[in-house]
1. What residue, among those in region 45-61 that are on the phi < 0 side of the Ramachandran plot and in a loop (DSSP other than H, G, I, E, B), is most open to solvent (accessible area, probe 1.4 Å)?
2. Checking residue 24 against (1) polar (S, T, N, Q); (2) open to solvent by less than 70 Å² (accessible area, probe 1.4 Å); (3) within 13 Å of residue 2 (Cα to Cα), which single condition isn't satisfied?
3. Is there any pair linking a residue in region 21-38 that is under 13 Å from residue 65 (Cβ atoms) to one that is open to solvent by 30 Å² or more (accessible area, probe 1.4 Å) and in a helix (DSSP H, G or I), with Cβ under 7 Å and at least six apart or on different chains, and which?
4. Which condition from (1) surrounded by fewer than 18 Cβ atoms within 10 Å (Cβ to Cβ); (2) touching a residue at least 12 places away in the same chain (Cβ under 8 Å) is the one that residue 11 breaks?
5. On the given criteria, is residue 67 closer than 16 Å to residue 13 by Cβ and in contact (Cβ under 8 Å) with a residue 40 or more places away in the chain?
6. Looking at 67, 37, which one is β-branched (Val, Ile, Thr), modelled with pLDDT of 90 or more and surrounded by 13 or more Cβ atoms within 10 Å (Cβ to Cβ)?
7. Please count how many residues of region 27-44 are in contact with a helix residue (DSSP H, G or I) (Cβ under 6 Å, 6 or more places away or on another chain), part of a loop (DSSP other than H, G, I, E, B) and more than 14 Å from residue 7 (Cα to Cα).
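The values are calculated or read from the model by the stated rules, or taken from the named source; none is laboratory data. Keep in mind the model is a prediction, meaning the values are calculated, not measured. Virtual Cβ from ideal backbone geometry, glycine too; neighbours counted across all protein chains shown. Each accessible area value is taken on the protein alone, full model and side chains, heavy atoms only, with ligands, DNA and RNA left out. Shrake-Rupley method; radii C 1.70, N 1.55, O 1.52, S 1.80 Å.
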Amino acid sequence: VECSSAEQALEAAQAGADIVLLDNLEPQELHAVAARVKAAHPGVTVEASGGIVLGTLPRFLGPHVDVVSMGCLTHGAPGLDFALKV
């Protein structure tokens, strides 16, 4: 479940979400929210996403963040036109 606040994240975890995606949070807020989610729901996977690039990645890594999504890895990838004939 994509969440943009602590309240949304805790509500999603309480409702049974397997993964809580914390989107577009500043690193300090992200870590605080992730810690709260993990304290209340240790089995929930916490994912960080939104505006993360290679240069800022270390700021988003922490003990309560399980997964980091980085759209920048695919934003500049060129398309490939191919066909498969059997």
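1. Taking region 45-61 and keeping what is on the phi < 0 side of the Ramachandran plot, we get 45-49, 52-61.
Filter again for in a loop (DSSP other than H, G, I, E, B), leaving 52-56, 61.
Numbers: 52: 5, 53: 66, 54: 123, 55: 72, 56: 35, 61: 98 Å².
Per the criteria, the residue is 54.
2. It fails just one condition, (2).
3. Correct list of pairs: 27/59; 36/10; 37/10.
4. Going through (1) surrounded by fewer than 18 Cβ atoms within 10 Å (Cβ to Cβ); (2) touching a residue at least 12 places away in the same chain (Cβ under 8 Å) one by one, residue 11 breaks only (2).
5. On the way: closer than 16 Å to residue 13 by Cβ: yes; in contact (Cβ under 8 Å) with a residue 40 or more places away in the chain: yes.
The answer is yes for residue 67.
6. Values: 67 fails: surrounded by 13 or more Cβ atoms within 10 Å (Cβ to Cβ).
Just a single option satisfies the conditions, and that option is 37.
7. The qualifying residues number 1.
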